[in-house]
Amino acid sequence: MTLTETKVSQKIAKIKCEEMSCNSCKKHITQAVTKLEGIEQLDVNLDTKIITVIINNETTTEQDVLNAVTEAGYEAELIQ
């Protein structure tokens, strides 16, 4: 399954994080997001500064993912 293919119980969350600038940032965000239940796939792209996550809609929301990123110390916003 790719980041563009999802099951009915899945949703793709995209988050823009302009503050993300290095591999350390990527590591901190990855650790924060993967602690959440229902994370099925994660891509943290330093070039585009976009975090793309496939979540299980039944256990996790886009807001949960956004909260994990902001609680890790990064300003971020949900995007379409």
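Some notes on this structure:
- Only listed residue being touching a residue at least 12 places away in the same chain (Cβ under 8 Å) and over 9 Å from the mean Cα position of the chain (by Cα), chosen from 23, 45: 23
- Restricting attention to the range 15-36, the residues being among the small types (Gly, Ala, Ser) and surrounded by 15 or more Cβ atoms within 10 Å (Cβ to Cβ) number 1.
- Within the range 57-80, the set of residues being exposed (fewer than 14 other Cβ atoms within 10 Å of the Cβ), in contact (Cβ under 8 Å) with a residue 24 or more places away in the chain and assigned to a helix (DSSP H, G or I) comprises just one member, 71.
- When each of 12, 39, 54, 50 is tested for being open to solvent by less than 20 Å² (accessible area, probe 1.4 Å) and touching a residue at least 12 places away in the same chain (Cβ under 8 Å), the lone residue that passes is 54.
- Among (1) part of a helix (DSSP H, G or I); (2) within 20 Å of residue 8 (Cα to Cα) - the single one residue 41 does not satisfy: (1)
The values are calculated or read from the model by the stated rules, or taken from the named source; none is laboratory data. Predicted, not measured: the structure shown is a model, and the values here were computed from it. Virtual Cβ from ideal backbone geometry, glycine too; neighbours counted across all protein chains shown. Accessible surface is based on the protein model in full, side chains and every heavy atom, while ligands, DNA and RNA are left aside. Shrake-Rupley method; radii C 1.70, N 1.55, O 1.52, S 1.80 Å.
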